[in-house]
Amino acid sequence: SQKIEQNSEALNIQEGKTATLTCNYTNYSPAYLQWYRQDPGRGPVFLLLIRENEKEKRKERLKVTFDTTLKQSLFHITASQPADSATYLCALDPGSGYSTLTFGKGTMLLVSP
Amino acid sequence: GAVVSQHPSWVICKSGTSVKIECRSLDFQATTMFWYRQFPKQSLMLMATSNEGSKATYEQGVEKDKFLINHASLTLSTLTVTSAHPEDSSFYICSALRRGHQETQYFGPGTRLLVL
C-alpha cells in the first residue's frame, strides 16, 4: 500500500541554524510533491511544489529537493527563526488531473531562540 | 489572494443532531473543493472531492449518507454531518482549487467539531 513517512519526532534546533525535514514514500509515483506548514488548530498553508522532473526548488529561505530514485524529498529552512516553529506536512499528487493529495503525518519543528 | 474561509470555526453539538460546515473561496472561483478530516497528531485524510454542479466523489470508507456535500456554486461548498456521534468529533478542513492553478490547494482554517 502507499505510504508516506515523515519523522514523527519533533525536530528541535537553535535559531539561525538550518532545519532539514525528510519525507520518504513507498509504492507511489507522484508527479508533484508539495510541502505545507500547519500551525496548531489551523489549516495547512502551501509553501512549495516540486515536480517529478525537478531536482531542487527554492523560495526565499526555503529549499526543497526531490529524488525520485530514492523516493525522498528534503525540506530545508535556512537561518531558522522561532516563527518557523510549526508542523510541516509533505503531500504527494499523482498528477492524475484530479489534484488529489495524500498527506504525511507531518514533522513538528521547534526553533528555540 | 486565494483566501478560503470556513464557518463555523468550532461547534459543539449533542449526539444525534446534524451540523453544517460552510467552505467559501473569497477571492477566486473554485472549480473543485476537497473535504478533509484530521484527528490529533494524524495526517489529513481526504473524505471527498466536490465539483461544482455535480455529485461529490467520496473516498473509500466515508459514508456519503452521513457526510452530505453540496457544491452549489463556484465559491461555496457545504459539508453536513448528519446524526453526529462522538466518534465524528474531529477537525474538518476544506480546500479549494483555483481555476488556472490546478496544482495547488488553498486550505480553509478548519472547523473543530465536538459531539457530546
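The values are calculated or read from the model by the stated rules, or taken from the named source; none is laboratory data. Keep in mind that this is a model prediction, so the values were computed, not measured. To get the accessible areas, we keep the full protein, side chains included, count just its heavy atoms, and leave off ligands, DNA and RNA. Shrake-Rupley method; radii C 1.70, N 1.55, O 1.52, S 1.80 Å.
The residues of the stretch A:1-80 expose on average 57 square angstrom of accessible surface per residue, using a 1.4 Å probe on protein heavy atoms. Accessible area buried by the pairing of B and A, both sides summed with a 1.4 Å probe, works out to roughly 1500 Å².
Accessible area of chain B with a 1.4 Å probe: how many percent of it is carbon plus sulfur? For chain B, the apolar C and S fraction of the accessible surface comes to 52 percent. The alpha carbons of the stretch A:50-111 occupy a box of 37, 22, 20 Å along the principal axes, longest dimension given first. Using only alpha carbons, the protein assembly as shown has a radius of gyration to Kirkwood radius ratio (Rg to Rh) of 0.97. Both radii are taken from the alpha-carbon atoms of chain A; with Rh as the Kirkwood radius, Rg/Rh is 0.96. Given the pairs A:Lys71/B:Lys66; A:Lys17/A:Lys59; A:Lys57/B:Lys64, which are separated by over 27 angstrom at their Cα positions? Flagged as over cut-off: A:Lys71/B:Lys66; A:Lys57/B:Lys64. In terms of Cα atoms, the Rg and Dmax of the stretch A:18-82 work out to 12.2, 35 Å. Accessible area per residue for chain B, computed on protein heavy atoms with a 1.4 Å probe, is 49 Å².
With the largest listed first and rounded to whole Å, the semi-axes of the equivalent ellipsoid of the stretch B:32-116 from the Cα gyration tensor are 21, 15, 11. At a cut-off of 10 Å², which residues of the stretch A:1-50 become less accessible once all protein chains are present than in their chain alone, using a 1.4 Å probe? Buried by the other chains: A:Tyr32, A:Gln34, A:Tyr36, A:Gln38, A:Gly41, A:Arg42, A:Gly43, A:Pro44, A:Phe46, A:Leu49. Using a probe of 1.4 angstrom, how much of the accessible area of the stretch A:1-101 is carbon and sulfur, in percent? C and S atoms contribute 45 percent here. In percent, rounded to a whole number, the relative contact order of chain B is 37, using alpha-carbon pairs under 8 Å and six or more apart.
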